[in-house]
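Report on the following structure.
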Amino acid sequence: MNQKHKIDEALVKRFANGDMKAFDSIYSIFNHKLQKFIFSLVKSAPETEDLVHEVFVKVWENKEKLKSYSSFSSYLFSIAYNTTISFLRVKAKNSRYIEYVKSIQ
């Protein structure tokens, strides 16, 4: 186990116990990586920003569950992926509906 992983694990433990400074550190460490990952899927900066914030809100709301995750990075990116895919599904569904409405006018 490298030193960075140990630091992340310690941060995650502090965060799981409600430490806001640990959350701020986690946000600083992962924000840019999540931005790049989500942008590669949605190709829109404003939507990327909204999704990154949504991911961190979900992580905050479920912080008590973090104690059972051995790899915080994997957990975080799974939430990011699932959140982004759900967003894209809704967007595609709405787009199809708009096209349908336009076609019947």
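Quick notes on this one:
- Local electrostatic count at TYR75 - Lys and Arg +1, Asp and Glu -1, tallied over other residues with Cβ under 14 Å: +2
- Residues TRP60 and VAL90, FRET efficiency given R0 of 22 Å [Cβ-Cβ distance, rounded to 0.05]: 0.50
- Segment 75-86 - phi-based ³J(HN,Hα) in whole Hz, Karplus 6.51/-1.76/1.60, Gly and Pro as x: 4, 4, 6, 5, 4, 4, 5, 5, 5, 5, 5, 4
Quick note: the coordinates plus some simple rules give every number you see, no bench work behind them. All of these numbers come straight from a predicted model, not from anything done at the bench. When we count neighbours, we look across all protein chains shown, and the Cβ atoms used for this are built from the backbone with ideal geometry, even at glycine.
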